[in-house]
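This report concerns only the one structure given below.
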Amino acid sequence: MLEWLSKFIVGSPKDSLAIVDFKIARLRGQLALLAIILGIFYFLVDKINSIKGNDLYYITMVCISTITFWLNRKGKYLAANIIFISLVNLVVFYFASKDIYRLGTHMFFLCCCIMAIVLFGYRDRKAALFASGISLLLFVLSYIYDVLHLDKPPLSNEFIRINFTINFIVALVICLAIVYFLMDVNFHSEKEILKKNELLVKTNAELDSFVYRASHDLRSPLSSILGLAEIGTLTDDLGEAKKCLAMIKERVAVQDQFIKEIIDYSRNARQEILYEKVVLKTLLINVIDGLRYNEGAKRIDFQLNIDHTFEIVTDKIRLTVILNNLIGNAIKYHDPNKGSQYIKIEMNTDDNNINLAIEDNGIGIEDEHFTKIFTMFYRATERSKGSGLGLYIVNETVQKLGGLISFNSTFGIGTRFLLVIPINN
């Protein structure tokens, strides 16, 4: 089923419902729509055949089915079940009690039983069996006993054959529709479960790798710091002691950056998206200002071709993480041998997306690394002092925002990253 139609029927966001509840809610909404269509269909059939006296029942059926549909969207599932199944049983009982000529209306009690079992489900199987028992009782009362004592107008054999055929086909279509709707929701639920299982396998694999590499990357600088501290305490040379302190400072900075990346990784994986209006150019200026004291940043010309009034509705923290990593990398891997160094940031919009390009004339990326740079803990150059988490976090964060990231690079020339992010205005 189309996603928009599914949301129209269920009403609530899919993620807010358990899989079983979502399946039944979707099925209930489909059956309510089907009942509305059938009420209109039989109303027109009676009009074509000049049959009078049933209009009120058809209108009631359409109205109650509409109420059921509304209750289903509001999450009032028990009330929707009781009202809908009671309505269907009473309407079928009314017409079956009038059916002295056996026009096939009794077959709709089978549809009532199937609907009760499907809508209440195994979890509420006692209620399902009770509702099915009521349908069976009403069938017996209407088929064997003339409980309503209604008038039975004379009907022609042709009319009886035509109406029996119509009722048989409609009852068959309803049963098939129930089975099809059930198969449909099961199919999509299974796809969702498989998707989540694949994500779980991926997450577990990444977690194993993360724990192993993180423990190594956390311990390695600490071991180095302990060694430098030991050297510093043993030496009487002030110059050598200052050198050890400088190296300790460098190791601490690496450790601090790694911890920040772990926090970014955890925040992206666990926190919900918090949408807010963000002035893009202001955010970029703040990010660049925070990176201006990085090594080599003072020699780089930052070129922002961004409308200063442009706003995007997105998660500000996540977008900041993305821009910090990409611009930080462009600074880190600048080419000091080039007389003119720049980082150019441009944007344009199409439909509901913003296309943000971050281009530099740094050292570039060799072709052999293209397929791996978004991999966890992968370092594309020996010049890297980082953990190899940065671009992995960028890729995961962009996906969390519903966007895409791509790049092209020529080694020795420069790199261009392109972000495509929903505007959500």
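Suppose we filter Phe8, Phe93 for residues that are in the same structural domain as Leu172 (by TED's automatic domain parsing), aromatic (Phe, Trp, Tyr) and at pLDDT 80 or above; which single one remains?
Within the list Phe8, Phe93, the selection yields Phe93.
Collect the residues in segment 342-375 that are buried (at least 17 other Cβ atoms within 10 Å of the Cβ) and aliphatic (A, V, I, L, M), keeping them in residue-number order.
Those that are buried (at least 17 other Cβ atoms within 10 Å of the Cβ) and aliphatic (A, V, I, L, M): Ile343, Ile345, Met347, Ile354, Leu356, Ile358, Ile363, Ile365, Ile373.
Please work out which residue is farthest from Leu199 (Cα to Cα), limiting yourself to segment 239-292 and to residues that are modelled with pLDDT of 80 or more and hydroxyl-bearing (Ser, Thr, Tyr).
Only one residue tops the list, namely Thr282.
Would you say Phe109 is surrounded by 22 or more Cβ atoms within 10 Å (Cβ to Cβ) and in the same structural domain as Ala25 (by TED's automatic domain parsing)? Explain how you work it out, then say what you get.
Values: surrounded by 22 or more Cβ atoms within 10 Å (Cβ to Cβ): yes; in the same structural domain as Ala25 (by TED's automatic domain parsing): yes.
Here the answer is yes, as Phe109 does meet what is asked.
Return the total of residues in segment 65-107 being small (Gly, Ala, Ser), in a helix (DSSP H, G or I) and farther than 17 Å from Phe130 by Cα.
3
Would you mention how many residues in segment 121-145 are touching a residue at least 40 places away in the same chain (Cβ under 8 Å) and either in contact with a Cys (Cβ under 6 Å, 6 or more places away or on another chain) or surrounded by fewer than 12 Cβ atoms within 10 Å (Cβ to Cβ) (or both)?
Number of matching residues: 2.
The values are calculated or read from the model by the stated rules, or taken from the named source; none is laboratory data. Predicted, not measured: the structure shown is a model, and the values here were computed from it. Don't worry about glycine lacking a Cβ; one is built from the backbone with ideal geometry, like all the others, and counts go over all protein chains shown.
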